[in-house]
């Protein structure tokens, strides 16, 4: 391959719902509580969707997939207008999303994580600015979570969710 992927961080999936959804009042939920819920999901061909479908199937959890797409911002908008709830990367939620009424809810009995990587062209010149940028990224990992959320507690099962290539 002509592309090199440098491991950067892992992002955990959370349930994202509107502020008036019953889950929004909970500190966390069990994965089984998704049973029967209306979900908006990543497209079926994305690594994150394949992994979440597998975990739901393993646990015999049936959800109603109302819509799907491969774009995080569109998924957030679908949740915002009431199409359903979503399983999304925690780091994708911004202060503006919370102001718009979106709420992240951790899943406490399974640790759904997806790797995030830095993509670089192999054998391409690494100019000083590129090297400095990559070094800055690696030295300032997103511990920032502007909303001061506590990280998810260790869970019994960790599921890797592909390569983090969804947008």
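The values are calculated or read from the model by the stated rules, or taken from the named source; none is laboratory data. Note that the coordinates shown come from a computational prediction; the quantities given were computed from them, not determined experimentally. Heads up, the Cβs are rebuilt from the backbone with ideal geometry, glycines too, and the neighbour counts pull from every protein chain shown.
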For residues that are at pLDDT 95 or above and out of contact with any strand residue (DSSP E or B) (no Cβ under 9 Å at 6 or more places or on another chain), tally how many sit in segment 26-55. 2
Within segment 50-59, tally of residues that are in contact (Cβ under 8 Å) with a residue 60 or more places away in the chain and touching a helix residue (DSSP H, G or I) at 6+ places or on another chain (Cβ under 9 Å): 1
Of the conditions (1) part of a helix (DSSP H, G or I); (2) buried (at least 18 other Cβ atoms within 10 Å of the Cβ); (3) touching a residue at least 60 places away in the same chain (Cβ under 8 Å), residue 103 clears all except one; give me its number. (1)
Exactly one of 100, 86, 165 is within 21 Å of residue 63 (Cβ to Cβ) and either in contact with a helix residue (DSSP H, G or I) (Cβ under 7 Å, 6 or more places away or on another chain) or at pLDDT below 80 (or both), and that residue is 86
Under 30 Å from residue 134 (Cβ atoms), in contact (Cβ under 8 Å) with a residue 12 or more places away in the chain, in contact with a helix residue (DSSP H, G or I) (Cβ under 9 Å, 6 or more places away or on another chain) and surrounded by 17 or more Cβ atoms within 10 Å (Cβ to Cβ) - does that describe any residue in segment 24-37? no
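Let's see how each residue does on (1) touching a helix residue (DSSP H, G or I) at 6+ places or on another chain (Cβ under 6 Å); (2) within 30 Å of residue 137 (Cα to Cα); (3) touching a residue at least 40 places away in the same chain (Cβ under 8 Å); (4) not in a strand (DSSP E or B):
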position	(1), (2), (3), (4)
5	no, yes, yes, no
8	no, yes, yes, no
13	no, yes, yes, no
48	no, yes, yes, yes
61	yes, no, no, yes
109	yes, no, yes, yes
Selection over segment 68-79 where residues are loosely packed, with under 15 Cβ neighbours inside 10 Å and either more than 24 Å from residue 99 (Cα to Cα) or touching a strand residue (DSSP E or B) at 6+ places or on another chain (Cβ under 8 Å) (or both) yields a count of 0
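Here is a yes/no grid of residues against (1) under 19 Å from residue 28 (Cα atoms); (2) part of a helix (DSSP H, G or I):
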| position | (1), (2) |
| --- | --- |
| 66 | no, no |
| 75 | no, yes |
| 79 | yes, yes |
| 83 | no, no |
| 87 | yes, no |
| 96 | no, yes |
